[in-house]
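The values are calculated or read from the model by the stated rules, or taken from the named source; none is laboratory data. Predicted model, so just to flag it, every value in this text is computed and none were measured. Backbone-built Cβ (ideal geometry, glycine too); neighbour counts: all protein chains shown. To get the accessible areas, we keep the full protein, side chains included, count just its heavy atoms, and leave off ligands, DNA and RNA. Shrake-Rupley method; radii C 1.70, N 1.55, O 1.52, S 1.80 Å.
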Amino acid sequence: MKKKRVLVTGGSGFLGSHLCERLLEMGHEVLCLDNFFTGSKANILHLIDNPYFEIIRHDVTFPLYVEVDEIFNLACPASPIHYQFDPVQTTKTSVHGAINMLGLAKRIKAKIFQASTSEVYGDPQIHPQPESYWGNVNPHGIRSCYDEGKRCAETLFFDYNRQHSLRIKVGRIFNTYGPRMAMNDGRVVSNFVVQALLGEDITVYGNGGQTRSFCYVDDLVNGIIRFMEETPDEFTGPMNLGNPDEFTILELAETVIEMAGSKSKIVYKSLPADDPMQRRPDISLAKNAINWEPKIKLRTGLVKTIEYFDNHLKSL
Ligand code: NAD
Ligand code: UDP
Ligand code: UDP
């Protein structure tokens, strides 16, 4: 296998750190770029002694001049509380970030992966969601900075492909969880696990009847790598990457309480605006194109996630 130089933007975040680790294991050289907004040095501390690993502190909304073979563009806060903290910066990160990374890819003729999202389907009226569904997104609500930013990034990726023959791969990632989510990430799995371990109330938003389909991080990274490495140049996606096993948020809360052996009680808080009611990927395309489907069941992934947060809390 040819050793490649690979740029991972958002490389110190949850998914990015797992991707950097996997690329190094595969024998590649990794440039990890991050502005450390939601990422942390702790996520990549174990990689720092590797001579093939480099860290660049940089914001993707500014131009970047490096020489690499491949780019994985993951930079963007992904949790609602973080992407809504500075929504203008969130849109800039997706849109200006995509323009800069595409301009870079064009100059150096690099293949480029975009971390798109199931949020491009908004609050979906088609269930499960196939890639052919155009979605149901509020263009001016509190989630729009993320949803529309990611939709515009997709537009840019496909226009650079059509206009400049860039080699692009657009993956629509569905809810993914696992070790190295930040304690204060705010997404549902890390919130419930941390609350359960601390014996705090489990905060279910709304009546908990809304659904999500949770993918363990190792499965997701496998999917991203296979999409990038094993598909022909003309196969651009968009392609859904996620686990089709669907659960209500209340089911998740009860499962986490049981598995953590917790005495936590469930409390109900108001449902945030535009919170999607149901979400589940149709992964037929990924099954056909890269023979991929997630292997790790929710309970198996939760064992590893609970263990990670348990150790992390004990180390504080
Ligand atoms: P994360 O918040 O842990 O990681 C995002 C990383 O990007 C962080 O390290 C952050 O510091 C960095 N970043 C943010 N803005 C930046 C900027 N302007 N310049 C440089 N770096 C910047 O979230 P994650 O779950 O690891 O998500 C990674 C990517 O995958 C994101 O693009 C996200 O939209 C996408 N995604 C994730 C999920 C999921 O369930 N985890 C689902 C769909 C899409
Ligand atoms: N860019 C970059 N690194 C490069 C090449 C380009 O960051 O190696 C940025 C550059 O700032 C530009 C953007 O990517 O604004 C888009 O580049 P492109 O060549 O597509 O467009 P143009 O430079 O003509 O605006
Ligand atoms: N959620 C919840 N309690 C929490 C955090 C989230 O009930 O402490 C709900 C949230 O309202 C949503 C679902 O869990 O319906 C998934 O939320 P998350 O932020 O993890 O992801 P997204 O909504 O972006 O899919």
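Taking region 57-89 only, how many residues are part of a helix (DSSP H, G or I) and crowded, with 23+ Cβ neighbours inside 10 Å?
1
Criterion first (without any contact (Cβ under 8 Å) to a residue 60 or more places away in the chain and of a type outside the set (A, V, I, L, M)) does residue 254 satisfy it?
So residue 254 passes the test.
Tell me, which residue of region 34-51 that is touching a residue at least 60 places away in the same chain (Cβ under 8 Å) and part of a loop (DSSP other than H, G, I, E, B) is farthest from residue 78 (Cα to Cα)? Show your work before the answer.
The initial filter retains those residues of region 34-51 that are touching a residue at least 60 places away in the same chain (Cβ under 8 Å), namely 38, 40, 43.
In the following step, the residues that additionally are part of a loop (DSSP other than H, G, I, E, B) were identified as 38, 40.
Numbers: 38: 9, 40: 14 Å.
Once the filter is applied, the top-ranked residue is 40.
Does residue 258 satisfy being in a loop (DSSP other than H, G, I, E, B), open to solvent by 20 Å² or more (accessible area, probe 1.4 Å) and modelled with pLDDT of 95 or more?
So residue 258 fails the test.
Which one of 39, 27 is of a type outside the set (Val, Ile, Thr), more than 17 Å from residue 113 (Cα to Cα), open to solvent by less than 40 Å² (accessible area, probe 1.4 Å) and touching a Lys or Arg at 6+ places or on another chain (Cβ under 9 Å)?
Only one candidate passes the filter, namely 27.
Kindly provide the set of residues from region 1-29 that are more than 14 Å from ligand 1 (Cβ to nearest atom) and either of a type in the set (A, V, I, L, M) or touching a helix residue (DSSP H, G or I) at 6+ places or on another chain (Cβ under 8 Å) (or both), ordered by number.
1, 6, 23, 24, 26
Out of 16, 11, which single residue is closer than 18 Å to residue 218 by Cα and assigned to a loop (DSSP other than H, G, I, E, B)?
11
Across region 144-201, what is the number of residues that are within 16 Å of ligand 2 (Cβ to nearest atom) and not aromatic (Phe, Trp, Tyr)?
Here the count works out to 13.
Is there any pair with a first residue in region 80-93 that is without any contact (Cβ under 8 Å) to a residue 60 or more places away in the chain and more than 18 Å from residue 182 (Cα to Cα) and a second that is open to solvent by 60 Å² or more (accessible area, probe 1.4 Å) and near ligand 1 (Cβ under 10 Å from one of its atoms) whose Cβ atoms are under 9 Å apart and which are 6 or more apart or on different chains, and what are they?
So the pair list comes out as 86/37; 89/37; 93/35; 93/37.
Test each condition in (1) over 15 Å from residue 218 (Cα atoms); (2) touching a strand residue (DSSP E or B) at 6+ places or on another chain (Cβ under 6 Å); (3) surrounded by 14 or more Cβ atoms within 10 Å (Cβ to Cβ) for residue 269 and report the one that comes out false.
(3)
Report the residue count in region 158-176 for those that are in contact (Cβ under 8 Å) with a residue 40 or more places away in the chain and farther than 30 Å from residue 302 by Cα.
So the count comes out to 7.
Any chance you could count how many residues in region 244-253 are assigned to a helix (DSSP H, G or I) and surrounded by 16 or more Cβ atoms within 10 Å (Cβ to Cβ)?
Of the residues in region 244-253, 4 are assigned to a helix (DSSP H, G or I) and surrounded by 16 or more Cβ atoms within 10 Å (Cβ to Cβ).
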